[in-house]
Amino acid sequence: MRPDLVIFDCDGVLVDSEVISCRVHAETLTRHGYPITTEQVAERFLGRSSREARREIEAELGRVFSDDLEAQLVADVLRSFAESLEPIPHITAALDALTQPVCVASSGTLERIAFALNRTGLYRRFAPNLFSAEQVAHGKPAPDLFLHAARQMGVPPSRCVVIEDSVPGILGARAAGMTALGFVGGSHCLPGMDARLRAAGASVIFDDMRQLSDFII
């Protein structure tokens, strides 16, 4: 199809951040009394906001975390990003090939999105069209964030294509009435992710950003 808007997830789609983020989340949660591995964080919470993850864990524990959990998590993630975050290979070439408007719709906070894009030289490609789960009532897999992004960009949902790397992201895009493409080229993607994204509703699966222009005319 030829969409009027291309919506990109950030983590794992624009920047190769998911391994870093899941590791930091696991370390932080473990310090706060909830032992969990990097792999378990990826399995349970990949593509979802830290707010949603916190609510689920607190309900499971029957107690709330200390007030400084979020601040510690943000500080640790941004510090790790500053040390080692890289863009997804060939993302610049993929963006150069697009003629449609683009925006970001991410489960991360606006601070984290901006930091990651600045660190990897992609900020100017998207600003000010950065949209975060913190701006809506319900994060992915709910459609709220994608509908918010489309509304702000003035494009009907049916004319949007979403690039996602997670099951919650694909589900949210499809629930919003948008076409979803599944990207499995991030360093966090394990065998079987392509099948999971397709089962969630991705119309196309690809692992090299240079392929993106083959699907978006």
Query raised in the report: How many residues, within segment 1-44, are outside any helix (DSSP H, G or I) and either touching a strand residue (DSSP E or B) at 6+ places or on another chain (Cβ under 7 Å) or under 26 Å from residue 174 (Cβ atoms) (or both)?
Result: 17
**Report entry** Single residue of segment 2-15 satisfying the filter (surrounded by fewer than 22 Cβ atoms within 10 Å (Cβ to Cβ) and of a type in the set (D, E, K, R)) that is farthest from residue 57 (Cα to Cα)
**Finding:** 2
**Report entry** Cβ pairs under 9 Å, 6+ apart, first in segment 78-106 and basic (Lys, Arg), second crowded, with 16+ Cβ neighbours inside 10 Å
**Finding:** 79/24
Query raised in the report: Within the bounds of segment 175-190, is there any residue that is under 16 Å from residue 9 (Cα atoms) and assigned to a helix (DSSP H, G or I)?
Result: yes
Query raised in the report: Which members of segment 100-129 meet the condition of being under 15 Å from the mean Cα position of the chain (by Cα) and assigned to a helix (DSSP H, G or I)?
Result: 110, 111, 112, 113, 114, 115, 116, 117, 126
Query - Top-ranked residue of segment 64-92 - restricted to ones that are part of a loop (DSSP other than H, G, I, E, B) and within 18 Å of the chain's Cα centre (by Cα), ranked as surrounded by the most Cβ atoms within 10 Å (Cβ to Cβ) - result: 88
**Report entry** Leading residue by the ranking (farthest from residue 180 (Cα to Cα)) among those in segment 28-55 that are charged (D, E, K, R) and without any contact (Cβ under 8 Å) to a residue 60 or more places away in the chain
**Finding:** 31
Query raised in the report: Which condition breaks for residue 25 when tested against (1) under 18 Å from residue 110 (Cβ atoms); (2) touching a residue at least 40 places away in the same chain (Cβ under 8 Å); (3) of a type outside the set (Gly, Ala, Ser)?
Result: (1)
Query - Options 95, 29, 61, 46: the member that is farther than 30 Å from residue 159 by Cβ, of a type outside the set (D, E, K, R) and either surrounded by fewer than 21 Cβ atoms within 10 Å (Cβ to Cβ) or in contact with an Asp or Glu (Cβ under 8 Å, 6 or more places away or on another chain) (or both) - result: 61
**Report entry** Residue within segment 146-166 that is assigned to a helix (DSSP H, G or I) and touching a Ser or Thr at 6+ places or on another chain (Cβ under 8 Å) present
**Finding:** no
Query raised in the report: Hey, any hits in segment 53-64 for a residue that's among the small types (Gly, Ala, Ser), out of contact with any Pro (no Cβ under 7 Å at 6 or more places or on another chain) and on the phi < 0 side of the Ramachandran plot?
Result: yes
Report summary line: Scanning segment 62-91 for residues that are at pLDDT below 90 and of a type in the set (S, T, N, Q) gives 66, 72
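The values are calculated or read from the model by the stated rules, or taken from the named source; none is laboratory data. Predicted model, so just to flag it, every value in this text is computed and none were measured. Note: ideal-geometry Cβ built from the backbone for every residue, glycine included; neighbour counts use all protein chains shown.
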